Amino acid sequence: MQTLAGKVAIVTGASRGVGKGIALGLGEAGATVYVTGRTIEEGKSASGWPGTIGQTATEVTQLGGNGIAVPCDHRNEGEIEQLFQRVLNEQGRLDALVNNAWAGYERMEHDGQFTWLNRFWQQPLWRWDAMFQSGVRGTYVAGQCAARQMVKQRSGLIVNISYWAAQKYMNNVSYGTAKAAVDRMGIYMAHELREHNVAAVVLYPGLVRTESVMKSSEYFDLSNSESPQFIGRAVAGLLRDSNIMDKSGRILIAASLALEYGFTDIDGKQPRPLTLETS
């Protein structure tokens, strides 16, 4: 496949999980990847899960790319702006922004209860605020920063990572509402960016074998699951696509892109694309 050497990408929230997988997928294609997140020291993450931005950046480089770790709290507008200024100072361009950073998954258990499944009137307000501050507002601010440069270049790609909960009730009102906002944001960004030859898409993974999913693997049917890096291969395919403007403004499915672009997961399997009915 065509190399992405010379391409510059920012992947937000990439200490672990889907974000890390996206960074690795771009790294194996040869891109320079700025890896952002809050975790800079092992064992110090808000969620308690392992992984740091430095570890992800190192793995990106080991795969053939150029990984650069930048601490960034995507709830903080100033830190986001500093991130983009650094990238432009060091690289002079930006080819892709992947908005993956998210919060609100912390403290899932309280007094022995799995609070994620509580009804909306029983949910803590901090969870709503965390999702909207990081996942929605942070996505908007990062999109603004990226668009300013991409419009000047008359090229670039913004990818908002979202999920089926935006379209289908999946047991948490805050989560579904925030994801729906991310979807509409990507679609409307695309509308305003089109005349500048800049693309924006929304990308849905399937069931991803993240650290949290694997810890509770006995509760999941993993027969059609995806590695985090599979999503990265989908983003790499989008960045290679010379006709990407044809996809701008659309909600895309990672496994469907795999069939279109001709790639498999890291284990050689071909995950089946989910639909609204099967998600």
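Read-outs: derived from the displayed coordinates by stated rules, not from any lab. Here the structure is a predicted model, which means the values were calculated and not measured. Positions of Cβ are generated from backbone atoms using ideal geometry, with glycine treated the same way; all protein chains shown enter the neighbour counts.
Counting only lysines at least 8 places from K247 when in the same chain, those with an alpha carbon closer than 26 Å to its own are K7, K20, K152, K168, K179, K269. A crude spin-label estimate for the pair N224 and K269, with each label 7 Å from Cα along the Cβ direction, gives 1.2 nm.
In a fully extended conformation the segment linking Q153 and L125 would gain 6.0 nm over its present Cα-Cα distance, using 0.36 nm per residue. Our summary gives the chain a relative contact order of 18 percent, counting only alpha carbon pairs under 8 angstrom and 6 or more residues apart.
From the helices alone, meaning DSSP H stretches of at least four residues, give me the mean residue ellipticity at 222 nm for the chain, per-run term -39500 (n - 2.57), in deg cm²/dmol to the nearest 500. Roughly -11500 deg cm²/dmol at 222 nm, from the helical runs in the chain. Each label point was placed 7 Å from the Cα along the Cα-to-Cβ direction; for S242 and L207 their separation is 3.9 nm.
Classify the stretch 165-276 as rounded, prolate or oblate, taking a ≥ b ≥ c as the square roots of the eigenvalues of its Cα gyration tensor: rounded when a/c is under 1.5, otherwise prolate if a/b is larger than b/c and oblate if not. Oblate is the answer for the stretch 165-276, as a/c is 1.5 or above yet b/c matches or exceeds a/b.
Would you mind checking the stretch 176-216 for residues with the amide N under 16 Å from a putative spin-label position 7 Å along Cα→C-beta of T278? Within reach of a label on T278, which here means backbone N under 16 Å from a point 7 Å along Cα→Cβ, the stretch 176-216 contributes 204-208.
For A180 and R93, the difference between the fully extended length at 0.36 nm per residue and the C-alpha to C-alpha distance is 28.3 nm.
For the chain, modelled as a GNM whose springs connect Cα atoms under 10 angstrom apart, the maximal fluctuation among I158, I231, I253 occurs at I253.
Just to confirm a number: summing +1 for Lys and Arg and -1 for Asp and Glu over residues other than Q153 whose beta-carbon lies under 11 angstrom from that of Q153, what do you get? Neighbour charge sum, excluding Q153 itself: +3. Taken as entire DSSP H runs, the helices of the chain that both span 24 Å or more between Cα atoms along their own long axis and average -0.5 or more on the Kyte-Doolittle scale are 173-193.
Computed about its Cα centre, the charge dipole of the stretch 8-261 is approximately 440 debye, with only Lys, Arg, Asp and Glu carrying charge at their Cβ.
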